[in-house]
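Here's the structure we're looking at; comments come further down.
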Amino acid sequence: MYKWQDLNKIKTIADINHAIKEGYSTNLINVGEAWQERALGRIASEIAQRKKVRVILIAGPSSSGKTTTCKRLAIQLVLNEMWPVSISLDDYFRNREETPRDADGNYDFESLYALNLPLLNQQLSDLIAGEEVELPRYDFLTGKSGPSGDKISLASNEVLLVEGIHALNPELTAEIPEEQIFRIYASPMFNYPLAENVFLSPEDNRLLRRIIRDYKYRGHDAQATLRQWASVRAGEEKWIYPFRDNADAQFNSSVPYELCVIKIQAEPLLKKVPKDSPEFAKAEELLGYLEYIEKIPEEQVPHVSLLREFLGGSSFVY
């Protein structure tokens, strides 16, 4: 019979599979979620101890769970008597015709300079100074930016919570004093061996998450996501990874059991990738990894879990 301390010692997918077969999947989920919540609580406590912090930035690569990390951290901040006000970097995109282009002549939305940095820095400075600002709103359909009509200000006991892929880049907050900023890097970091000398990388973990999310919320099939992945990874190498060391804290956004749930939604999508397509080899590779993993029914996953950002059914509003 599994004891709680045994669940804390799980180190491989084989250990996870064994716990599931023995009927301890619920305990496995509860321990994993509690571990993650404790980590967020510690980060919130560290932020609270830095009395001058007014801006909290959360960055991470694609499908790292930044949005849910932001929402769950906000709850922990409230417990530390800090009141978060959230803004979206997506609303600071420049008009589409002003967006830089990549080497192929396409709009480079991954670029830092796709954002209106002068406006962002000015509004951050104004908010910290106690002034009211009108937030912009970017229309992804028309590619136009304009005033939203939403006006906010920051009280003395409130902090600004901002998430986005560029949040660790110093240029994003060039006008804000460093002592007023707390930076967090969030990404899946578990790298459990699936078998001897067989590992699924954190990058492939994120790819599986993105395949599910893109299908569920963006109408993209697995082939389309796989086709775009190389470009996404190139953007991460250029715009995210060089600034990881700027983070004041790192948050592991994966839970040990997640592949057991992701498998259920990912497998049928990967099996639809055409055999004669360039993306088929990667789809087969991912399916091969998933063969090592036992399934856990999705209904066992809590509605506040970060995984719900991809699986659906979250109690948070996105």
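The values are calculated or read from the model by the stated rules, or taken from the named source; none is laboratory data. Treat the numbers as computed from the prediction; the structure is a model and nothing was measured. Positions of Cβ are generated from backbone atoms using ideal geometry, with glycine treated the same way; all protein chains shown enter the neighbour counts. For accessibility, only protein heavy atoms count, side chains too; no ligands or nucleic acids. Shrake-Rupley method; radii C 1.70, N 1.55, O 1.52, S 1.80 Å.
Among the trypsin sites (Lys or Arg not before Pro) in region 15-75, those located in a DSSP loop and surrounded by at most 16 other Cβ atoms within 10 Å of their own Cβ are R50, K51, K52. Rg over Rh for region 1-135 works out to 1.12, using Cα positions for both radii and the Kirkwood form for Rh.
By the gyration tensor of its Cα atoms, with a ≥ b ≥ c the square roots of the eigenvalues, what is the shape of region 239-318: rounded for a/c under 1.5, prolate for a/b over b/c, or oblate? Oblate. What aspartates and glutamates sit close enough to K51 to cross-link, taking a C-alpha to C-alpha distance under 16 Å and skipping anything fewer than 8 places away on the same chain? Straight-distance partners of K51: E81, E158, E178, E179, D248. So if a site counts as exposed when it's one of the GluC sites (Glu not before Pro), its DSSP state isn't H, G, I, E or B, and it has at most 16 other Cβ atoms within 10 Å, what's the longest stretch of the chain without one? Result, exposed sites excluded: 197-290. The mean of 1/r over all distinct Cα pairs in region 119-171, once inverted, gives the Kirkwood hydrodynamic radius of 12.6 Å.
Where the convex hull is taken over the Cα atoms of region 96-233, what is its projected area averaged over directions, in nm²?
12.0
Surface calculation, 1.4 Å probe, protein heavy atoms: D248 sits at approximately 60 Å² accessible. Taking 20 Å as the straight-line reach from the Cα of K71, none of the lysines fall in range once those fewer than 8 positions away in the same chain are excluded.
For region 24-119, the carbon plus sulfur part of the accessible surface works out to 49%, probe radius 1.4 Å. Spherically averaged projected area of the convex hull of Cα atoms, region 73-114: 4.0 nm². Report, in degrees rounded to the nearest 10, the 0 to 90 angle that the Cα long axis of helix 117-128 makes with the longest principal axis of the chain. Value to nearest ten degrees: 80.
Would you calculate, for the chain, the mean residue ellipticity at 222 nm contributed by helices, counting each DSSP H stretch of 4 or more residues as -39,500 (n - 2.57) and dividing by all residues, to the nearest 500?
Helix-only estimate at 222 nm: -12500 deg cm²/dmol.
Think of a 1.4 Å ball rolled over the protein heavy atoms: the chain then has 48 Å² of accessible area per residue. Per residue, the convex hull around the alpha carbon atoms of the chain comes to 144 Å³.
Does region 237-282 come out rounded, prolate or oblate, given a ≥ b ≥ c as the square roots of the eigenvalues of its C-alpha gyration tensor, rounded meaning a/c under 1.5 and, failing that, prolate meaning a/b above b/c? In terms of gyration-tensor shape, oblate.
Can you pull the Kirkwood radius for region 36-88, inverse mean 1/r over Cα pairs, to one decimal in Å? It is 11.5 Å. In order along region 173-185, the phi-based Karplus estimate (6.51 cos²θ - 1.76 cosθ + 1.60, θ = phi - 60°) of 3J(HN,Hα) comes to 10, 4, 9, 9, x, 4, 5, 9, 10, 10, 10, 10, 10 Hz; Gly and Pro are listed as x.
Backbone amide hydrogens, once placed in the peptide plane, bring L160 within less than 5 Å of V55, I56, V85, excluding anything fewer than 5 places away on its chain.
Separation of region 207-255 from region 53-88 is 19 Å, based on Cα centroids.
Within straight cross-link reach of K295, meaning Cα distance under 26 Å, which lysines are found once same-chain residues fewer than 8 apart are removed? Cα-Cα hits under 26 Å: K3, K9, K11, K21, K66, K216, K263, K271, K272, K275, K282. Counting DSSP beta bridges in the chain, what percent are antiparallel, to the nearest 5? For the chain, the DSSP antiparallel bridge percentage is about 35. Counting only alpha carbon atoms, the long axis of helix 202-218 and the longest principal axis of the chain meet at about 70°. Gyration tensor over the Cα atoms of region 164-307: the corresponding equivalent ellipsoid has semi-axes (square roots of 5 times the eigenvalues, largest first) of 30, 19, 15 Å.
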